[in-house]
Amino acid sequence: MKLLSSFLLLFISFFVQGQDKLLSMQDAMLNARTTLAPETLKQLQFVNGTNDFVFVKKVDDQEVWVRGNMKNTEGTTFLTLEAINSRVRQANLDTLKKLPALTFDKEGFTLRINGKGYYFKNDNTYKVKGETVASGKEAVDEGAAGYVAYVDSFDLYVVKDGKSHRITTDGSEGIIYGKAVHQQEFGISKGTFWSNDGLLLAFYRMDQQMIPDYPIIDWSVRPAKVHNLKYPMAGDPSHHVTLGIYNTQTQKVSYIKTGEPVEQYLTNIAWAADGKSVFIAIVNREQNHMKLNQYDVSTGAWVKTLFEEKQGKYVEPQVPMLFLKNIPNQFIWQSRRDGWNHLYLYDISGKLIRQLTGGAWEVVDVKGFNEKGDMLYYVSTKESPISRNLYGLNIKSAKSIALTSGIANHITQVSSSGDYVIDNFSTIDNPRTIQLIDTRRGKGKVLLQAKDPLAGYSKGELSLFTLKSADGYELYSRLFKPAHFDANKKYPVIVYWYGGPHAQLILNSYNGGAGDYWFQYLAERGYVVFTVDTRGSANRGLAFEQTIFRHAGKMQMADLMVGVDYLKSQPWVDASRMGLFGWSYGGFMTTDFMITHPGVFKAAVAGGPVIDWKFYEIMYTERYMDTPKENPEGYEETDLTKRVENLNGKLMLIHGMQDPVVVMQHSVRFVKAAVDKGIQVDYMIYPGHEHNVLGKDRAHLYQKVTDYLFQNLQ
């Protein structure tokens, strides 16, 4: 009888486990962001100028816009596809077949159709935003007065009332106007900047004629064609950038006199409230000295330097000055001058009024002011480096109050008044909660509690914890144990990492900060999956990041060895079957680790890897490594082609063939060095893809990585 009972229990156990579904690679990489993402409120947003919120909801099997508030959190239908199409027909446009994305304010809504914006007012009138002539052009940017700037064939144009004015005439592949410069470092994401009244336009002019052409091959045509890229490499000449000013009233162009040397970085452009001055944070080529300069727009002349910031290693301004809403001669500046990114209040003379935030934590985002302008809202890591919380800052008293709480990842929106917050948060145990918070009373109402989208799937247990680096830093780590974990078994391990600046992999959010379910896919199939945010990672303070200065990879590899030692100490880890994977900076780190610590990992995959920092772009490389002439030792130790013979284990390199960020020459040179030394490596290319393999091919990429690791870790 006992034997029969044991058999039945075993049968039931297998039957229950058999009910656990397995993720496909399509599920893990593509459906993770769609059908298998945690439930949400689609297009949830505040109606600008009100405390009401709107979102898209299905009513009677039809999607409609609903509008709600603290008293009516369920919301009521207020805009349907039929109603939108009636407005669209008024504009003589083709009707829409499904509910479009909209943005709302108290007077109407904005709709984009075929690249053009239409603002439909509540009084049944409309206006076109983004003139027809600018449709389909590059870098389209509309100012407050209705003028629209755009770039066409490298030159800058401005259009008003349907008439287009060509602002520049010498644009070419060597001279580019109105687009992002300096390889989009220093927070630069655009190249045009309208004054507050929309009548003056500041724009970048980038002269890169002194930089050699770098060939990017288009393999999709017969015969293949070369598309040349201007790519300044570390230690070589850099491009020359100036800032132009276009006056829409006089239709004249002048240039700001930023002076010598020509190889400097013009970052963080900001306009004075009255439009008479423009401010530029100028960083020297060495990137260790920043001057916040004021220039007179009418003459282009330098007015004064408000203040300077110097650092023994590097300075990196990322955010332009933010002028106070009601005090136009005061502004907020973000700086890591005390070792952490914080907010400082200045007046226009350059006098520091007060430091607004401080402590061993980082301000990671500023949301803006309330209507009165006396409160500023920001997001920080104050609770924990793996959390994000929203705070309200009283500018006069410099006192902050927490508007969200707990070690969780809070993604927030603040109403125009500042009285309400939409709080969308998750933890590793909570897929998503969306609540509406009354900031005056500190109370909230839940709008949505999402269920686990992977309920019913065979999941591995996720945990977050810290390890200690050799010099005492806490290293945040993430571990997925295999599904149906048995502590008496030994499991193979796959480690994923990055390690470089401007990235943080681990958060106390659903799935531990991972944007897809690849780790769960591996755990379902019997693998331990481990990640560690090493020194050099983002949002841990300047000292934590600057450990990589001049010796990229050295401290990160030491930190990964701490993780390896932890894994080896676990009785359920098979240390003879460990694999490593990283992309971009993580691809560099993976290749470096395999030849610096041979034999630790049995197999590895390095995607889009930097192989020799002399071949990477100036702005990023020289910030962290100085120039090859200034730091020959650092460049020598990070030229991975010099140590390829140390490889002990299977290594596959992967590269997008049109990669303009880490050019393909990196991995090709490593393969050539391996051939010269008689070392076997594997190689995979992705034609048509740039630095990241995106779209449907991403599932193909991860299947390739998975198959390679599984094959070599059997």
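Quick note: the coordinates plus some simple rules give every number you see, no bench work behind them. Being a predicted model, the structure only gives us computed values, none of them experimental. Note that each Cβ is placed from the backbone with ideal geometry, even for glycine, and that neighbours are counted across all protein chains shown.
Proximity of backbone amide H atoms, modeled 1.01 Å from N, is registered between residue 270 and 279 at under 5 Å, excluding neighbours fewer than 5 places apart on the same chain. 3J(HN,Hα) along segment 283-294: 10, 6, 4, 6, 6, 10, 8, 10, 10, 8, 9, 10 Hz, from the Karplus curve 6.51 cos²θ - 1.76 cosθ + 1.60 with θ = phi - 60°, whole Hz, x for Gly and Pro.
In segment 441-467, whose amide N lies under 19 Å from the spot 7 Å out along Cα-to-Cβ of residue 401? List them in ranges. 441-445, by backbone N distance to the label point.
Computed per residue of the chain from DSSP H runs no shorter than four, each worth -39500 (n - 2.57), the mean residue ellipticity at 222 nm is -5000 deg cm²/dmol. When only C-alpha pairs under 8 Å and at least 6 residues apart count, what is the relative contact order of the chain, in percent? Across the chain, relative contact order equals 9 percent. Give, as ranges by residue number, the residues of segment 270-284 whose backbone N falls under 11 Å from the point 7 Å along Cα→Cβ of residue 197. Within reach of a label on residue 197: 274-276.
Label-to-label distance for residue 694 and residue 255 is 3.3 nm, based on points extended 7 Å past Cα in the beta-carbon direction.
Which whole-number percent of Cα pairs in segment 42-126 have a distance greater than 21 Å?
Values: 962 of 3570 pairs.
Summing the P(r) of segment 42-126 above 21 Å gives 27 percent of all pairs.
Its residues counted as N, segment 119-264 yields a C-alpha radius of gyration over 2.2 N^0.38 Å of 1.21. Amide hydrogen proximity for residue 549: with H placed 1.01 Å from N in the peptide plane, no residue at 5 or more positions away or on another chain lies under 5 Å.
Compute, for segment 391-507, the length of the dipole vector about the Cα centre, with Cβ point charges of +1 (Lys, Arg) and -1 (Asp, Glu) only. Units Debye, rounded to 20.
About 180 debye.
Converting phi to 3J(HN,Hα) with the Karplus coefficients 6.51, -1.76 and 1.60 and the offset θ = phi - 60°, segment 486-495 yields 10, 5, 8, 9, 10, 10, x, 10, 10, 9 Hz in sequence order, with x at every glycine or proline.
Take the Cα of residue 441, step 7 Å toward its Cβ, do the same at residue 274, and the gap between the two points is 4.5 nm. Of the options [x] 60; [y] 54; [z] 50, only one is percent of Cα pairs over 36 Å apart as computed from these coordinates, and that is [z]. Note on segment 327-380: dipole from Cβ charges, positive end direction compared against 339, 380, 366; the farthest Cα belongs to 339.
Summarising the label geometry, the points placed 7 Å from Cα in the beta-carbon direction at residue 101 and residue 62 lie 2.4 nm from one another. Among the trypsin sites (Lys or Arg not before Pro) in segment 650-702, those placed in a DSSP loop whose Cβ has at most 11 other Cβ atoms within 10 Å are 696. Select from the chain the helices, each a whole stretch of DSSP H, whose alpha-carbon atoms run 20 Å or more along the helix axis and whose Kyte-Doolittle mean is at least -1.0; answer none if there are none. Flagged H segments are 2-19, 554-569, 697-713. For residue 714 and residue 668, what is the calculated FRET efficiency with R₀ set at 35 Å and r taken between the beta-carbons, to the nearest 0.05? That pair, residue 714 with residue 668, gives E of 0.75. Converting phi to 3J(HN,Hα) with the Karplus coefficients 6.51, -1.76 and 1.60 and the offset θ = phi - 60°, segment 94-105 yields 5, 5, 9, 9, 9, 4, x, 6, 9, 10, 10, 9 Hz in sequence order, with x at every glycine or proline.
Relative to 2.2 N^0.38 Å, what does the C-alpha radius of gyration of segment 184-336 come to as a ratio? Two decimals please.
Computed over Cα atoms of segment 184-336, the ratio equals 1.20.
A Förster radius of 45 Å combined with the Cβ-Cβ distance from residue 35 to residue 474 puts the calculated FRET efficiency at roughly 0.75. Remark on residue 432: its backbone amide H falls under 5 Å from those of 450, a criterion applied only to residues 5 or more positions apart or on other chains, H modelled at 1.01 Å from N.
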